[in-house]
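J.: Please read through the structure below; I'll follow up with questions.
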Amino acid sequence: MKKDLKNNLNFPKKSYFWLGPKFRDLGLFQRWTIKKMVVVAMLIAISVAFTIISSQIVPLASIPTYKIAFIGLPVKITGFIFGPIIGFFVGLIADLISLLFIPPATYHFLYTIATAMNGLIAGLVGWFFIRFLNYSFSKEIKAKNYDYKIWYLSFKLEKAIQKDNSKLAAKISEKIIKYRNLRDFVLRYGTTEKLKNIYMITSSVIIMSIIITIVAIIFQIPAHEFSKVAFLKGRIPVLIFMVTGYSVMCGFVILGRYYMSATKYFIFAPIIVFSSLLEFVNLPILSLADSIGLGNGSQEILFWIISRTVFSPIKIWFNIFVIYFSYSVIYKLVNKNKNNTYN
């Protein structure tokens, strides 16, 4: 019996240890290709050109508070594809270059910071979802984890056999068979459904955290401050208006888990998450810049926050669909023949 158990085990010839994902696998240190350099340069040029053309068609686009809506789209796409560092750099450079062609009536450095944040946050969210989660829960990594568990249990089984502990050996053998079956199942059917659940839970938690934070902040503001706003007077109307957009995004993420294909969902979910995060992070930055540049200082900050909130839902959903279709095209272009590297 001992020999049969030992022969059927197929011990690994060389021991190995699970050291976690490599930096290159996670996309932290990717190969910098000539094609990527060209695409980044093109996206900077597109950001500036798009802003210039928009300002000629819609004169309001020359005002910094509206300009970021036009220049931010290519910056978000860049960060989402190339990561937070390149995204931040493109946003910073694109905004500074645009100032040479469209001298603003008023300017504050916070506008440039907000533009760069578009690339930074889009890059961080894109890396976390598309790189980290996709890698950590890929079928290859799950299979490796099961292989490691089988390899570890094989040593325990060998010791149990040497000690003539048949009961323990049988118990360990059952675990090995269980992990082998799980490994085979993962390799055959993949981990798509599990990954969709993880995307849904992670996205929902992030958006719900934003909603809770907004509610907490609103209730910290004195009630009389809301009476100064020309529309949406009162704390509750303001709160409902600010939270509705995020609630719709959270609902879309949950419903998309069940009604969208995995390919679309794995792109839409992170785009919705970074759009909601950007709106949350950039709203106070841009409102403060508007208050200083266009208003009478920080006393009007609540008015500018509410003013920006009015158009937020429309802007967010427009950005989501534009970024989705743009990303689908540019990502394929960047990764086609990706072995043409710059050494």
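J.: On the given criteria, is ILE86 part of a helix (DSSP H, G or I) and surrounded by fewer than 22 Cβ atoms within 10 Å (Cβ to Cβ)?
T.: For ILE86, the condition - part of a helix (DSSP H, G or I) and surrounded by fewer than 22 Cβ atoms within 10 Å (Cβ to Cβ) - is met.
J.: Looking only at residues that are among the polar types (S, T, N, Q) and surrounded by 16 or more Cβ atoms within 10 Å (Cβ to Cβ) in the range 312-329, which one is modelled with the lowest pLDDT?
T.: SER312
J.: Working only within the range 22-50, note down all residues that are modelled with pLDDT under 70, part of a helix (DSSP H, G or I) and among the aliphatic types (A, V, I, L, M).
T.: If the condition is that a residue be modelled with pLDDT under 70, part of a helix (DSSP H, G or I) and among the aliphatic types (A, V, I, L, M), then LEU26 is the only one that fits.
Yes or no, residue by residue, for (1) within 22 Å of the chain's Cα centre (by Cα); (2) closer than 13 Å to LYS67 by Cβ; (3) modelled with pLDDT of 90 or more; (4) assigned by the TED database to the domain that holds ILE44:
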{"position": "LEU92", "(1), (2), (3), (4)": "yes, no, yes, yes"}
{"position": "LEU99", "(1), (2), (3), (4)": "no, yes, no, yes"}
{"position": "ILE102", "(1), (2), (3), (4)": "no, yes, no, yes"}
{"position": "THR106", "(1), (2), (3), (4)": "no, yes, no, yes"}
{"position": "ALA116", "(1), (2), (3), (4)": "yes, no, yes, yes"}
{"position": "GLY119", "(1), (2), (3), (4)": "yes, no, yes, yes"}
{"position": "LEU124", "(1), (2), (3), (4)": "yes, no, yes, yes"}
{"position": "PHE132", "(1), (2), (3), (4)": "yes, no, no, yes"}
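The values are calculated or read from the model by the stated rules, or taken from the named source; none is laboratory data. Predicted model only: the values in this text are computed from it and were never measured. Neighbour counts run over all protein chains shown; Cβ positions are idealised from the backbone, glycine included.
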